[in-house]
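These notes are about the structure you will find just below.
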Amino acid sequence: MKRARQKVVAENEAPQTSQKSKRQKTRLYGSMDWGSLPHHVILHIFQFLPLVDRARASSVCRRWNEVFHIPDLWRRFEFELSQPATSYLKSTHPDLIQQIIKRHADHLQYVSFKVDSSTEAAEAACDILSQLVNCSIKTLGLISTAKPSFMNVSKAHFASALTVVFVNSKSLSSVKIDDTPLDDPSLKVLVANNSDTLKLLKMSSCPHVSPAGILCVADQCHGLKELALNYYILSDELLLALSSEKHANLEHLRIDVVSENPGQVEFHTIKKQSWDALVKHSPKVNIVMYFFLYEEEFDAFFREETPVTHLYFGRAVSKAMLGRIGLNCPRLIELVVCANGLQPLDDELIRIAEHCKNLTAMGLGECEVTCRGFIEFVKMCGGRLTQLSIMEEVLIPDNDYSLERLHLEVSKHLGRMWFPDMMPSW
C-alpha cells in the first residue's frame, strides 16, 4: 500500500515538475535582453547569415544595427546580379548595393561579382566597380554563370570600370577575370599600380589580350605564383620571363587550348628550351592543359618533351597523340580523356604507364580498352594510382578476363576495392 501511494504521488508530481520547468524556461528566455549580447557574439552570428537575413536582423535593435556596420563584416562580399525573369540567381537588392557603396566601400577587401548571362547584369557590375573609388581591394573575381555576359559589355565601359579598381586598390593580390573584354592597356594599368602585390591572375578566354600584354605582366610582377591564360598568348618569351632570376617560383600555370571551328586556328609550337627553363627555375610548378580541339589540330603538341603535369581532353584525341604523350610527358600526374574512338588504347596506356612514373590519376570516357590491356596498365602503375575513373562501357571483355574477374584483379593491384564507373566522375 505504501509503495502504491508513493507511485500515485510521484505520478501527480511529475506533471507539476514538468510545468514548473517550462515556466522557468519561459521566464528565463522571456527576460533575456537579446540586445545586450556582446558585439563579438552578434558578429559571429551575422557571418553565418545570408545578406538579406543579416539586413533584416540589423533592424531588431540599435546594438544589432551597430554590429551590421562593423567593418570586419564587410571585408568579404559577393554581389549577385541578374535579370529575375530569366535567372536562378537572387540578385542583391539595389538599395543594399547603394548602402554598401556609401558606407562600406573602403572596408571591402575580398570582392566578387556573380552575374547571369544577361548584358544588363554585367553592365550593372561595371557600374558598381566604377563607384569603388575609396576601396582597398585585395582579391577581385568576375564570375559569369553563362555566356556571353561580360563579353557583350563595351570594351570602353569595362576598361573604365577596371581602371578605377586597379588604380585605387594598390594592393591587389588575386584577379580572376576569365571570359571578359580585358585588353592590354587595362593590364598595363593593373601592373603599374599592383606589381608588388599581384600573385594570382586568371584571364582565360580574354580575346583582346595579346602576347605582348601578358608579357608585360610577367616582366614586372615578379611575385606572380599562379597564371591562367589561353594558349594563343603563350610564348617562348613569356616562359623565359617567368624563369628570370628576379621572378618568384611559379606554382601553377593553366593553359586552355581551344578551337571553336576546325582549321581556323594554326597552333604554334613552344620550344623545349623554354619549357626546360621554366621547370629549372620552378621545379615544383604544376602545368595544367585543357584541350578542346579537333583531332586534326593536335599536330603542334608534344612533338618534344613537354613538362605538363595535368592533361584534360574535352573532345576526341587520336591514338597517335596519346602515344606521343606516353613518350614525351614524363612529369604527367593526371590524365583525363573524354573521348577517343573505336580503336583499343592498350598500347598507348601501357606506354604511358611505362614512361610517366608520376601518374597518379586517370579518367577514361568514350574510349575502348581490352580488359587484358587495362589490367596490364594497372599492374604497371600499382598502388600509386590514387584516382582511377573508368566508364564500364570502355572495357572490352576478352578470352582471359570478364568484367567480374577484372574488378577482382584491378582491386588486387591497387590494394583497395575498385569498380568501374557507371557515369563520369570528372
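The values are calculated or read from the model by the stated rules, or taken from the named source; none is laboratory data. From a predicted model like this one, the values you see are computed outputs, not experimental measurements. Using ideal geometry, Cβ is built from the backbone for each residue, glycine included, and neighbour counts are taken over all protein chains shown. Accessible surface areas use protein heavy atoms only, side chains included; no ligands, DNA or RNA. Shrake-Rupley method; radii C 1.70, N 1.55, O 1.52, S 1.80 Å.
Numerical summary
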| read-out | value |
| --- | --- |
| Qualifying residues in the range 331-365 (those that are under 25 Å from the mean Cα position of the chain (by Cα) and open to solvent by 30 Å² or more (accessible area, probe 1.4 Å)) - the one nearest to A316 (Cα to Cα) | C338 |
| Scope the range 382-406; condition over 22 Å from Q343 (Cα atoms) and buried (at least 16 other Cβ atoms within 10 Å of the Cβ); matching residues | L385 |
| Strands (runs of 3 or more DSSP E) contained in the range 248-327 and holding at least 1 residues among the basic types (K, R) | 252-258, 310-316 |
| Selected residue (criterion: modelled with the highest pLDDT) from residues of the range 132-151 that are closer than 14 Å to L81 by Cβ and either assigned to a loop (DSSP other than H, G, I, E, B) or open to solvent by 60 Å² or more (accessible area, probe 1.4 Å) (or both) | I143 |
| Enumeration of residues in the range 245-291 that are open to solvent by 40 Å² or more (accessible area, probe 1.4 Å), more than 21 Å from N358 (Cβ to Cβ) and either within 18 Å of the chain's Cα centre (by Cα) or touching a residue at least 40 places away in the same chain (Cβ under 8 Å) (or both) | V258 |
| Residue selected from the range 366-380 under the condition closer than 22 Å to R315 by Cβ and at pLDDT 90 or above, by the criterion most open to solvent (accessible area, probe 1.4 Å) | E368 |
| Filter pass, L322 being among the hydrophobic types (A, V, I, L, M, F, W, C), under 25 Å from V285 (Cβ atoms), open to solvent by 30 Å² or more (accessible area, probe 1.4 Å) and over 22 Å from the mean Cα position of the chain (by Cα) | no |
| So N194, is it buried (at least 17 other Cβ atoms within 10 Å of the Cβ) and farther than 27 Å from V265 by Cβ | yes |
| Evaluation of G314 against (1) surrounded by fewer than 18 Cβ atoms within 10 Å (Cβ to Cβ); (2) not assigned by the TED database to the domain that holds C338 (one fails), failing number | (2) |
| Hey, K357 out of contact with any Gly (no Cβ under 9 Å at 6 or more places or on another chain) and either part of a strand (DSSP E or B) or in contact (Cβ under 8 Å) with a residue 24 or more places away in the chain (or both) or not | yes |
